[in-house]
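The values are calculated or read from the model by the stated rules, or taken from the named source; none is laboratory data. Just so you know, these numbers come straight off a predicted model, no measurement behind them. Because the Cβ atoms are built from the backbone with ideal geometry, glycine has one as well, and the counts that use them run over all protein chains shown.
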Amino acid sequence: MSATALPLLARLGEAASFPASVRNYETDPWSYMRRKLGDCAGPLRDYKKALYEEASARLLEDLRASFLKPGALMDHKETFEKLLTPGDFADLSFNLDPGGDPTTLRDSVKALLAAGKIKTLFDTEALPPERRGKPWEALVADTSRRLELGRLKEILDRAPRTDRRRAYIVRRARSHFAEFMTVTRGEAGMRDEITLFVLTRVEAAIAALLRFLNT
C-alpha cells in the first residue's frame, strides 16, 4: 500500500465505523462521522499530489520520446482532468498538441505542470452548485443513490429528529459507506494503490455523505 494513501484510508475507515472505544468519549455519532469525513481533506490532497507528481513524470517522459503512441496524449488528458482545477486543465489540454514542436511542447507543458493546482472534492463542493459541473453533480447523485441516502432522508424526515433517530440513521449510513468502501480492497486485502477511477468515486461518496449530514 502506498504510504501516501494510508492516512486517507485511516480517516475513511474512522468515518465508516463507530466502535465501543469511540463511543466511550463520543456522544454524537452524526457529528463524529461528519467530522471524520471532513478530516479527509488534508490526506486526500496529499495523496492526489503524489498521484499528480507521478502523472507529471510519466507525461514528461512520454514527451521526450521520438514517437508517441496513438492516443497517448488523450490518456494523459483523462488523467489530469481528474487532478487539476478546470482552468489549469484547460490550459494543459490546449498545450498537448501532438502537431507542435516537441521541444517547445515539452517546455510549455513542464511550466504548466509546475504551476498546476490540484483539485479535490472539497474545492468543488465549495463552489456554487451551478459552477460544480454537470458530470460532478451526476456522479454525486448516482453515488447518493448507491448509498441509499435519499431513502434515509425520507425516513429521517418522517418524525422529529431525536438523538435516537439520528443515531439510527447515521448507523445505516455508516454501514452503506463501509460496504461502498470495498472498492478500495482486493481479494488479499488493501489494494496496492487507489486508482484515480476509484478515488473519484470515493470523493463523490464523501461529497454525497457530507451533503446529507449537513442537512
Problem set entry | Residue check, Ala111 free of Cβ contacts under 8 Å to residues at least 60 places away in the same chain, under 28 Å from Arg172 (Cβ atoms), outside any loop (DSSP other than H, G, I, E, B) and of a type in the set (A, V, I, L, M, F, W, C) | no
For this session: Would you be able to tell me the number of residues in segment 139-164 that are closer than 20 Å to Pro129 by Cβ and among the polar types (S, T, N, Q)?
Result: 2
Exercise. Somewhere in segment 74-83, is a residue part of a loop (DSSP other than H, G, I, E, B) and either among the aliphatic types (A, V, I, L, M) or farther than 22 Å from Ala41 by Cα (or both)?
Worked result: yes
Exercise. Given the structure, is Thr27 within 28 Å of Ala72 (Cβ to Cβ) and not in a helix (DSSP H, G or I)?
Worked result: no
For this session: Quick one: which residue in Ser144, Ser175 is at pLDDT 95 or above, hydroxyl-bearing (Ser, Thr, Tyr) and buried (at least 18 other Cβ atoms within 10 Å of the Cβ)?
Result: Ser144
Problem set entry | segment 36-89, residues that are closer than 19 Å to Thr104 by Cβ, of a type outside the set (A, V, I, L, M, F, W, C) and exposed (fewer than 13 other Cβ atoms within 10 Å of the Cβ) | Glu61, Arg64, Ser66
For this session: From Glu125, Glu148, grab the single residue that is among the acidic types (Asp, Glu), touching a helix residue (DSSP H, G or I) at 6+ places or on another chain (Cβ under 8 Å) and at negative phi.
Result: Glu125
For this session: Would you be able to say whether some residue in segment 183-191 is surrounded by 12 or more Cβ atoms within 10 Å (Cβ to Cβ), out of contact with any Leu (no Cβ under 9 Å at 6 or more places or on another chain), modelled with pLDDT of 95 or more and assigned by TED's automatic domain parsing to the domain that holds Ala10?
Result: no
Problem set entry | Evaluation of Thr143 against (1) in a helix (DSSP H, G or I); (2) of a type outside the set (D, E, K, R); (3) more than 17 Å from Ala204 (Cβ to Cβ) (one fails), failing number | (3)
Exercise. Among all residue pairs at least 6 apart or on different chains, which show Cβ distances below 9 Å where the first residue, located in segment 34-48, is in contact (Cβ under 8 Å) with a residue 24 or more places away in the chain and the second is part of a loop (DSSP other than H, G, I, E, B) and among the charged types (D, E, K, R)?
Worked result: Lys48/Lys82; Lys48/Lys119
